[in-house]
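Peer 1: Have a look at this one.
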Amino acid sequence: MTSLSRRGADQSLRNRARESVKLGVRGLLQKADVEIGRGTFANRLARTCDAFGIDTVLDVGANVGQYATMLRRAGFAGRILSCEPLTGAFGELASRADGDARWQTLHTAVGAEPGTVSIHVSENSFSSSIRDMTDAHLDNAPGSHYIATEEVPVTTVAGLVDTHGVDPARCLLKIDTQGYEGEVLRGAGELVGRVQAIQLEMSFVELYAGQLLYDDLMAAMVAAGYRLHTLDPGFSAADGRLLQVDGLFVRADAGSAPSGA
C-alpha cells in the first residue's frame, strides 16, 4: 500500500469512528427526545446578523432572556433591546442582562398601540399571553394553564425604534408573543418592509384564540417584501404533529450587508 493510499485508509477509518460516536450520541439523545443537527438555530441567527449587517436586535417577548442569552453565546456582540411585560419574568431578565452594557431590558408589552392591557400568566411563564389559550395548547402542554392575570403597559415597535434610535436597516425584530404577533406587526406600521429581518413564532393550528396562523403570517411577510431565510421546529403534539415553528425572514432585496457594514 502506498503512503497516499495508507493516509486515505487512515482518514476513512477516523471518519467511520467519528460517525459511530455521533450515532451513539444521537441514540442516547433520541431516547431523551432531544435532537441535534449540523448547526444550532442560534448560530444561524448570529451568522445571519453578520451577513446582513444587523447590529441591533429588538427582542419582543423576552421572558427571562433565553433568546438574548443564546445570541450572545453564538457570538452576537451588538445591541439588544429586550421587552418583557410580566413582573416575575422581567426580574430574572434584568438580572441576566446585568453587567452587559449592550443589553437593555424594558418592562413592557408590545402591541398595536400604546396603553395598558391585561395579560394571562401561565404556570410555566413562557406560555403567558394576552389572548385566551385554546384546548389544542392545553392538551399538548401540561403545565401551561393560566394561574393569574397582570395589568401591564404596552408600547409599539415604532415607538421603540423612535425612542431608542434604532436603524431599521440594521435591525432584527424578533417577535415571540404567544399569538399576539399580528398586533405587534401592526404596531410596527411602515417599518415592516424596512426592518432588515423579522423572526416570528408561527402556529399551524390555533393555540391562542384569534391568532394569525402560519399561512396568514407567511402571506403577510411575502407581501411586505420578505423572503423566508430559515426555520426552526418548535412545539409538537403528542402524536408527532408539528404545531409551531420559528421563521426568520430577511428583506427580499437584501443580497448583502448594507453599505458601511
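The values are calculated or read from the model by the stated rules, or taken from the named source; none is laboratory data. Note that the structure is a prediction, hence the values are computed from the model and not measured. As a convention, Cβ positions derive from the backbone with ideal geometry for all residues, glycine included, and neighbour counts pool all protein chains shown.
Peer 1: Residues to consider are Phe249, Phe235; find the one that is at pLDDT 90 or above and touching a strand residue (DSSP E or B) at 6+ places or on another chain (Cβ under 6 Å).
Peer 2: Phe249
Peer 1: Against the condition in the same structural domain as Ala209 (by TED's automatic domain parsing), more than 30 Å from Arg47 (Cα to Cα) and not in a strand (DSSP E or B), how does Gly143 come out, does it pass? Break it down into steps so the answer makes sense when it comes.
Peer 2: On the way: in the same structural domain as Ala209 (by TED's automatic domain parsing): yes; more than 30 Å from Arg47 (Cα to Cα): yes; not in a strand (DSSP E or B): yes.
So Gly143 passes the test.
Peer 1: Another question, then. Does region 97-107 contain any residue that is part of a helix (DSSP H, G or I) and in the same structural domain as Ala209 (by TED's automatic domain parsing)?
Peer 2: yes
Peer 1: A further question on this structure: What about Arg47, is it more than 27 Å from Pro153 (Cβ to Cβ), part of a helix (DSSP H, G or I) and at pLDDT 95 or above?
Peer 2: Yes, satisfied.
Peer 1: Restricting region 88-136 to residues that are among the acidic types (Asp, Glu) and closer than 20 Å to Leu58 by Cα, which is surrounded by the most Cβ atoms within 10 Å (Cβ to Cβ)?
Peer 2: Glu92
Peer 1: Working carefully through the options Gly159, Gly210, Gly182, find the one that is within 19 Å of Glu113 (Cβ to Cβ) and in contact with a Lys or Arg (Cβ under 7 Å, 6 or more places away or on another chain). It would help to see each step written out before you state the result.
Peer 2: Numbers: Gly159 fails: in contact with a Lys or Arg (Cβ under 7 Å, 6 or more places away or on another chain); Gly182 fails: in contact with a Lys or Arg (Cβ under 7 Å, 6 or more places away or on another chain).
Only one candidate qualifies: Gly210.
Peer 1: Does Gln211 satisfy the criteria of being more than 24 Å from Leu106 (Cα to Cα), out of contact with any Cys (no Cβ under 8 Å at 6 or more places or on another chain) and assigned to a loop (DSSP other than H, G, I, E, B)?
Peer 2: Yes; evaluated as a whole, the condition is true for this residue.
Peer 1: For region 146-191: of the residues being touching a helix residue (DSSP H, G or I) at 6+ places or on another chain (Cβ under 6 Å) and assigned to a loop (DSSP other than H, G, I, E, B), which is surrounded by the fewest Cβ atoms within 10 Å (Cβ to Cβ)?
Peer 2: Restricting to residues being touching a helix residue (DSSP H, G or I) at 6+ places or on another chain (Cβ under 6 Å) and assigned to a loop (DSSP other than H, G, I, E, B), the top hit is Thr156.
Peer 1: What do you reckon, is Val245 in contact with an Asp or Glu (Cβ under 9 Å, 6 or more places away or on another chain), crowded, with 16+ Cβ neighbours inside 10 Å and assigned by TED's automatic domain parsing to the domain that holds Gly159? Walk me through it before giving the result.
Peer 2: Numbers: in contact with an Asp or Glu (Cβ under 9 Å, 6 or more places away or on another chain): yes; crowded, with 16+ Cβ neighbours inside 10 Å: yes; assigned by TED's automatic domain parsing to the domain that holds Gly159: yes.
In short, yes.
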